[in-house]
1. Tell me, which helices (runs of 4 or more DSSP H) wholly within the chain include 3 or more residues that are at pLDDT below 90?
2. Could you tell me whether residue 58 is free of Cβ contacts under 8 Å to residues at least 60 places away in the same chain and closer than 23 Å to residue 84 by Cα?
3. For the structure I just gave you, tell me whether residue 9 is over 28 Å from residue 100 (Cβ atoms), of a type in the set (Val, Ile, Thr) and either out of contact with any strand residue (DSSP E or B) (no Cβ under 9 Å at 6 or more places or on another chain) or surrounded by 11 or more Cβ atoms within 10 Å (Cβ to Cβ) (or both).
4. When the range 1-56 is examined, which residues are found to be among the aromatic types (Phe, Trp, Tyr) and either within 10 Å of the chain's Cα centre (by Cα) or within 30 Å of residue 91 (Cβ to Cβ) (or both)?
5. Within the range 39-48, can one find any residue that is of a type in the set (Val, Ile, Thr) and in contact (Cβ under 8 Å) with a residue 12 or more places away in the chain?
Amino acid sequence: MDHPLIDLISARIREAEAQGAFDNLPGAGKPLPACDDPENALLNRLVEESGGEPEFVSLSRELQRLRAELRETGDRARRQDILKDMSMMEARIALARKAWR
């Protein structure tokens, strides 16, 4: 099924081509840059340009926070809870890294 605006889009592209809007563009005639994840290339670029970060980066920051809390905590029960949280966080980071690739 075609997009409802496909005819309008195609007409605009033809007009731009006729007016030379696509002549002498930077990189014309050169191969496209290599892309590790072509299915998500646009999404990845938009996230990167908007200052977003992969999930594993934010999870790693949380893991650092837990490590700092562990160093500062003397309560045995709390230390055990933190160690459990750290173990789960490491597993989540591994999954997020795998998914990001």
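1. Details: elements: 6-18, 41-49, 55-72, 76-100.
In the chain, 41-49, 55-72, 76-100 are the helices (runs of 4 or more DSSP H) which contain 3 or more residues that are at pLDDT below 90.
2. yes
3. yes
4. Within the range 1-56, 56 is the sole residue that qualifies.
5. No.
The values are calculated or read from the model by the stated rules, or taken from the named source; none is laboratory data. Please read these numbers as outputs of a predicted model, since none were measured by experiment. Please note: Cβ atoms are built from the backbone with ideal geometry, for glycine as well, and neighbour counts cover all protein chains shown.
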